[in-house]
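> This is the structure, below, for whatever I ask next.
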């Protein structure tokens, strides 16, 4: 198969600056690109350090309502520690990490309500 990697996942947001602040300052992702050279489109791309997959915070897809993303899973090597650090930075979780049959998980939402699962295998 010629397809070999996921490069970008679009995350629908209503306010690009607010979303950027959340993903970079609170969630701790690195800013890879913030470009508004195309009229009417601000390309904000964030990613975990060292990741080949990044998130693009989008406002221009009419069929992707802000907050409609579910099932975005980010991995952690220390879920309990990350949960504590992120909570201290103002990230709100649905509850503390829980053991699931497949992994430990904690669910959070960005300011628009997009669902993110922080998971430790």
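> How many residues does the range 12-31 contain that are out of contact with any helix residue (DSSP H, G or I) (no Cβ under 6 Å at 6 or more places or on another chain) and either more than 21 Å from residue 91 (Cβ to Cβ) or surrounded by 15 or more Cβ atoms within 10 Å (Cβ to Cβ) (or both)?
10
> Here is a check on your reading of the model: is residue 5 more than 19 Å from residue 90 (Cα to Cα), touching a helix residue (DSSP H, G or I) at 6+ places or on another chain (Cβ under 9 Å) and surrounded by fewer than 17 Cβ atoms within 10 Å (Cβ to Cβ)?
Working: more than 19 Å from residue 90 (Cα to Cα): yes; touching a helix residue (DSSP H, G or I) at 6+ places or on another chain (Cβ under 9 Å): no; surrounded by fewer than 17 Cβ atoms within 10 Å (Cβ to Cβ): yes.
Judged against the criteria, residue 5 is not a match.
> Also, I was wondering about something else. Just name the residue that is surrounded by the fewest Cβ atoms within 10 Å (Cβ to Cβ) out of those in the range 90-108 that are under 17 Å from the mean Cα position of the chain (by Cα) and under 25 Å from residue 52 (Cβ atoms).
It comes out as 107.
> Inside the range 78-97, can you point out the residues that are over 19 Å from residue 20 (Cβ atoms) and touching a strand residue (DSSP E or B) at 6+ places or on another chain (Cβ under 6 Å)?
Step one: list which residues in the range 78-97 are over 19 Å from residue 20 (Cβ atoms), which gives 78-85, 87-88, 93-97.
Within the range 78-97, 79, 83, 93, 94, 97 meet the criteria.
> Same structure again: On the basis of being farther than 17 Å from residue 8 by Cβ, part of a loop (DSSP other than H, G, I, E, B) and modelled with pLDDT of 95 or more, does residue 85 make the cut?
Answer is no for this residue.
> Turning to a different aspect of this structure: State which residue is surrounded by the most Cβ atoms within 10 Å (Cβ to Cβ) when the search covers only the range 37-65 and only residues that are in contact with a helix residue (DSSP H, G or I) (Cβ under 9 Å, 6 or more places away or on another chain) and over 18 Å from residue 5 (Cβ atoms).
57
The values are calculated or read from the model by the stated rules, or taken from the named source; none is laboratory data. These numbers were taken from a predicted model, which means no experiment stands behind them. Every residue, glycine among them, receives a Cβ derived from its backbone with ideal geometry; neighbour counts consider all protein chains shown.
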